[in-house]
């Protein structure tokens with residue numbers, strides 16, 4: 001029986017597209033896993049990812065090894081869980097794809113199913129679903145939350161829907177004393193019928209999820225945090241909206257710190273998953289989907305839900321079809337400077353109307369308006385913002401691009417890659433403000449920011465061997481840049497000029513550390 005099942009899994013692994021897996025040895029993976037026991041009942045459906053099979057060293061039978069991207073019985077263990085008894089296989093994973101060695105066959109396959117079941121009185125809580133993808137620990141955001149909650153009594157975690165806010169808050173509260181209220185849950189809303197009395201009696205961390213559904217809580221939080229001796233820390237979560245940001249800023253001015261959460265980035269998934277992240281985007285369910293078709297279907301559903309439910313919930317009465325046409329048109333202008341008149345003529349709308357549409361997509365974190373940098377240098381400079389769709393996966397869905405082969409042959413491939421690279425650099429550096437620079441004579445710079453009082457520039461080139469251009473030298477001279485990096489999709493970094501370095505995108509995390517390092521350390525960057 002076991003041999004038959006293993007043979008079936010081997011055929012499944014061969015038939016599965018390896019590009020659909022998260023194939024990154026540096027990416028974080030689940031702390032623990034379990035395996036399906038083939039001696040009992042088989043699963044109702046195939047798991048989303050393949051199970052790679054390898055022959056155990058010094059043994060004649062096949063034993064499983066697990067690669068990241070195959071969510072085969074993901075099991076979360078709380079702190080304090082008992083360690084596996086002697087003779088049982090340890091469930092901790094090393095690097096993705098690491099082979100399980102020196103494990104008895106019967107122990108490796110036996111009674112693991114019962115370990116994945118939930119026992120009410122057990123210290124270990126195990127959760128499993130074939131549809132649940134593997135967890136990606138977002139260490140950078142956890143550190144940001146820890147710093148923000150230490151400094152401010154209220155921390156607002158903002159971001160688009162389905163970007164992982166609730167999951168991140170759960171990770172943050174896992175080892176802390178915390179109370180959580182889901183304000184889209186009727187029982188939790190009934191608990192807060194007298195919010196000042198209920199919240200005032202809590203200590204530790206208080207998490208208020210989807211707070212935009214109860215904006216009256218902002219005034220309550222202001223009263224509580226100003227109360228002498230009140231030590232509770234509040235973490236409020238909400239899908240980004242202009243009303244939410246304005247309500248928090250006006251009511252809790254001086255008491256709140258904002259943390260902006262986006263989808264996955266290369267620092268979290270690993271450089272080897274660059275193409276998958278570019279094609280599918282960073283939304284967790286899109287990136288971790290079992291196939292490109294599943295990922296595209298999820299993004300199409302997200303776009304439809306956003307237009308038909310989320311936008312009306314903001315109090316904005318716009319026909320979903322009209323906003324979809326504008327969003328699709330904006331996808332074709334991805335990476336270009338904003339021209340309201342041209343877009344208005346194409347859609348038959350006024351300049352004021354298309355500007356309001358743009359502000360809606362910007363306020364919901366769907367679009368980034370990169371503002372221009374200009375100063376008195378004796379040249380005519382561009383003063384209109386540059387428009388980017390923040391998630392490359394949504395951009396590709398709006399352009400009807402579902403696979404990498406379609407993307408590489410699409411005329412907007414270069415613009416798509418440049419926008420993707422801009423987002424990755426900004427996520428790695430996290431500057432307070434970022435700009436682009438361009439003149440009417442053709443000189444331009446994709447990114448310009450100031451870090452520790454020094455100006456840096458970053459240029460994006462969708463080329464295997466980018467060359468130093470006249471525009472780069474002009475930007476160095478006119479803007480007095482400390483250094484300029486050219487981010488490209490190649491494999492190696494190298495110095496192209498005295499103050500120009502070619503940098504591969506898959507190592508963008510190193511670039512972020514180099515730019516943000518103190519001057520004494522960055523002096524050795526050449």
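Figures for the structure shown
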quantity: Residue check for residue 464: out of contact with any strand residue (DSSP E or B) (no Cβ under 6 Å at 6 or more places or on another chain), within 30 Å of residue 139 (Cα to Cα) and modelled with pLDDT under 95; calculated: no
quantity: Selection count, region 219-234, where residues are within 18 Å of residue 180 (Cβ to Cβ) and within 31 Å of the chain's Cα centre (by Cα); calculated: 4
quantity: Filter result for residue 144 (over 22 Å from residue 299 (Cβ atoms), outside the structural domain of residue 429 (by TED's automatic domain parsing), crowded, with 16+ Cβ neighbours inside 10 Å and under 16 Å from the mean Cα position of the chain (by Cα)); calculated: yes
quantity: Among the candidates 331, 289, residue that is in contact with a helix residue (DSSP H, G or I) (Cβ under 9 Å, 6 or more places away or on another chain), within 16 Å of residue 362 (Cβ to Cβ) and in contact (Cβ under 8 Å) with a residue 12 or more places away in the chain; calculated: 331
quantity: Residues satisfying the stated conditions in region 216-229, i.e. surrounded by 15 or more Cβ atoms within 10 Å (Cβ to Cβ) and in contact with a helix residue (DSSP H, G or I) (Cβ under 9 Å, 6 or more places away or on another chain); calculated: 217, 218, 220, 221, 222, 224
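For (1) surrounded by 21 or more Cβ atoms within 10 Å (Cβ to Cβ); (2) assigned by TED's automatic domain parsing to the domain that holds residue 509; (3) modelled with pLDDT of 90 or more; (4) over 18 Å from the mean Cα position of the chain (by Cα), each residue gets a yes or a no:
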residue: 199; (1), (2), (3), (4): yes, no, yes, yes
residue: 204; (1), (2), (3), (4): no, no, yes, yes
residue: 211; (1), (2), (3), (4): yes, no, no, yes
residue: 214; (1), (2), (3), (4): no, no, no, yes
residue: 239; (1), (2), (3), (4): yes, no, no, no
residue: 246; (1), (2), (3), (4): no, no, no, yes
residue: 255; (1), (2), (3), (4): no, no, no, yes
residue: 271; (1), (2), (3), (4): no, yes, no, no
residue: 285; (1), (2), (3), (4): no, yes, yes, no
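The values are calculated or read from the model by the stated rules, or taken from the named source; none is laboratory data. What you see is a predicted model, and the numbers here were worked out from it, not measured in a lab. Note that each Cβ is placed from the backbone with ideal geometry, even for glycine, and that neighbours are counted across all protein chains shown.
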